[in-house]
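Taking it in order: structure first as structure tokens, then the write-up.
The values are calculated or read from the model by the stated rules, or taken from the named source; none is laboratory data. Remember, predicted model here, so these are calculated numbers, not experimental data. A quick note on method: Cβ atoms are made from the backbone with ideal geometry, for glycine too, and the neighbour counts reach across all protein chains shown. For accessibility, only protein heavy atoms count, side chains too; no ligands or nucleic acids. Shrake-Rupley method; radii C 1.70, N 1.55, O 1.52, S 1.80 Å.
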Amino acid sequence: MRPVTRRQADRYAARSATTRAQVMSALERLLDSGEAFSDITVQQLLEKAGVSRATFYAHFQSKSDVLVRLTDDLRESLLTLARQWDPAAREDGADRFARFFEEVIRIHRAHQGVITAVREAASYDSAVSDFYTANLESFEETTLRTILSEQAAGSATADLDAVSASRIIAWGGAQAIAHHIQVDDGSRDAVFARELARIWWHGAYRRPPEPNNARGPIES
């Protein structure tokens with residue numbers, strides 16, 4: 001058997017990447033058209049993407065695998081955005097936080113079909129559920145590190161329970177943003193982002209310290 005050359009391997013990798021992109025794009029278009037994820041069949045994906053069944057299964061295990069890979073790119077962009085936010089910057093943190101949330105909401109709106117599908121499938125598909133949970137846990141860990149860093153610097157009050165606060169911020173924020181997008185046409189995105197920012201900024205990152213006679217920090 002002739003050995004596979006580097007050029008052949010590169011061509012194969014490029015074709016595989018193109019095929020995966022075609023299938024993921026097909027799923028997103030179907031979701032954006034209003035199709036529920038549970039109603040979409042592999043056959044629909046094949047027809048929309050223009051690939052054979054054998055080709056599909058050479059690259060994906062199932063339609064849930066397509067959804068997870070599609071959402072993974074979105075998750076990375078949101079995590080990168082979250083890691084760039086620095087509450088210690090000189091500019092007013094609450095206003096910067098509001099702009100951060102405006103961008104988060106913009107990304108969620110642009111991929112609303114995919115995000116809705118993940119939330120739907122997470123209720124009955126273990127693979128998607130595991131991914132959804134790991135996704136939010138990543139945001140929770142990022143928030144926790146930020147709060148602990150702020151406490152160490154003396155910027156965030158020591159009586160704040162960082163573990164509980166980061167959990168509320170990550171999981172509660174995801175629920176709040178998802179619901180807002182469902183019930184609002186986008187005209188109040190900036191208002192929503194501002195209120196969310198101020199609730200979290202003044203409730204966690206810059207919460208006033210409790211009086212001396214108040215109960216101390218809660219053990220985690």
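Quick notes
- Angle between the chain longest axis and helix 173-183 axis [Cα atoms, degrees, rounded to 10]: 70 degrees
- Heavy-atom accessible surface of the chain: percent carbon and sulfur, 1.4 Å: 51 percent
- 1.4 Å probe accessible area per residue over the chain, in Å²: 57 Å²
- Packing around the peptides 173-182, 66-75, taken as the average count of other Cβ atoms within 10 Å per residue, puts them in this order, highest first: 66-75, 173-182.
- Centroid-to-centroid, using Cα positions, segment 114-143 and segment 52-104 are 12 Å apart.
- GNM remark for the chain: springs join alpha carbons under 10 Å apart, and the peak mean-square fluctuation among VAL183, VAL191, VAL51 falls on VAL183.
- Positive contributions from Lys and Arg (+1) and negative ones from Asp and Glu (-1), summed over other residues with Cβ under 12 Å from the Cβ of ALA174, come out at +1.
- For segment 73-220, the relative contact order comes to 35 percent (Cα pairs under 8 Å, sequence separation of at least 6).
- Cα long-axis angle, helix 189-200 against the chain (0 to 90 degrees, to the nearest 10): 50 degrees
- Subtracting the Cα-Cα distance of ASP39 and ALA127 from their residue separation scaled by 0.36 nm leaves 29.9 nm.
- Treating each Cα of the chain as an identical point scatterer and summing with the Debye formula, the log10 of I(q)/I(0) at q = 0.11, 0.12, 0.13, 0.15 Å⁻¹ comes to -0.67, -0.75, -0.84, -1.00.
- The value of relative contact order for segment 136-180, using C-alpha pairs under 8 Å at least six residues apart, is 49 percent.
- Residues ARG99, ARG7, ordered by accessible area of protein heavy atoms at a 1.4 angstrom probe radius and largest first, appear as ARG7, ARG99.
- Over segment 83-203, the alpha carbon radius of gyration divided by the compact-protein estimate 2.2 N^0.38 Å works out to 1.11.
- Rg/Rh for segment 22-99 (Cα atoms only, Rh after Kirkwood) is 1.23.
- Highest-MSF residue in the chain out of ARG194, ARG53, ARG119 [GNM, Cα springs under 10 Å]: ARG53
- Bins of 10 Å from zero: percent of alpha-carbon pairs in segment 139-192: 24, 37, 27, 13, 0
- Positive-end extreme of charge dipole, the chain - chosen from ALA121, LEU45, SER77 (charges on Cβ): LEU45
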